[in-house]
Amino acid sequence: MPDNLGTSPNEVQFRFREDEVVDHPAVTVDSFLDQSNAAAVRIEPGDDTRELLPHLGRIKLVEVNFPGFMDGRGYSAARVLREAGYEGEIRAVGEVLIDQLAIMRRCGFDAFAPADMLDETDAERAFGLWDNVYQKTTDGRAPIWQKRHG
């Protein structure tokens, strides 16, 4: 189970990393690309995550904003970063809901800062809900079909 860090909304509540929490202020993708000293970036729906790929070495934190629960573009942003080799913190912020946690984790998120604090018992259950999965993602878990057929 992750560290439970936050005590108020918009703080990191769950984190699956051993390193120190990144406290650099996140800037927009456009601002990040225009400056050389930024170490944290915030991806909004509609931003092209691929623009960050040449700069992965200097990014310590990527916040992915979920302004509404029906917008799933942030899942793709996390997966693009992980598949490109990004090993830093990817933090889901905004409208992060209990039923999204396990899938967000599988896509590459390793920290969560929901707009509204989540019940820890419900979150624990959500993170460990499925023993078997159907698709390959960035978490390295073998899908059930691969377990069956090698």
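Taken together, the values in this text are just the output of simple stated rules run on the coordinates, not laboratory data. Predicted model only: the values in this text are computed from it and were never measured. Methodologically, a virtual Cβ is constructed for each residue, glycine included, from the backbone with ideal geometry; neighbour enumeration extends over all protein chains shown.
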Query raised in the report: If you plug each phi of segment 68-83 into the Karplus form 6.51 cos²θ - 1.76 cosθ + 1.60 with θ = phi - 60°, what whole-Hz ³J(HN,Hα) values come out, in order, with x for Gly and Pro?
Result: x, 5, 8, 9, x, 4, x, 4, 5, 4, 4, 5, 4, 5, 5, 5
Query raised in the report: In what order do GLU44, GLU20, GLU120 fall by count of nearby beta-carbon atoms within 10 Å, going from fewest to most?
Result: GLU20, GLU120, GLU44
Query raised in the report: For PRO45, what is the net charge nearby, where nearby means another residue's Cβ is under 12 Å from its Cβ and Lys, Arg count +1, Asp, Glu -1?
Result: -3
Query raised in the report: How much net charge surrounds ALA123 when only the other residues with a Cβ under 11 Å from the Cβ of ALA123 are counted, with Lys and Arg +1 and Asp and Glu -1?
Result: -3
Query - Pairwise label distance in nanometres, ILE98 with ARG50, each label 7 Å out on the Cα-Cβ vector - result: 3.8 nm
Requested in this report: Note down the nm distance, to one decimal, between modelled labels 7 Å out along Cα→Cβ at GLU87 and at ASP119.
Outcome: 3.8 nm
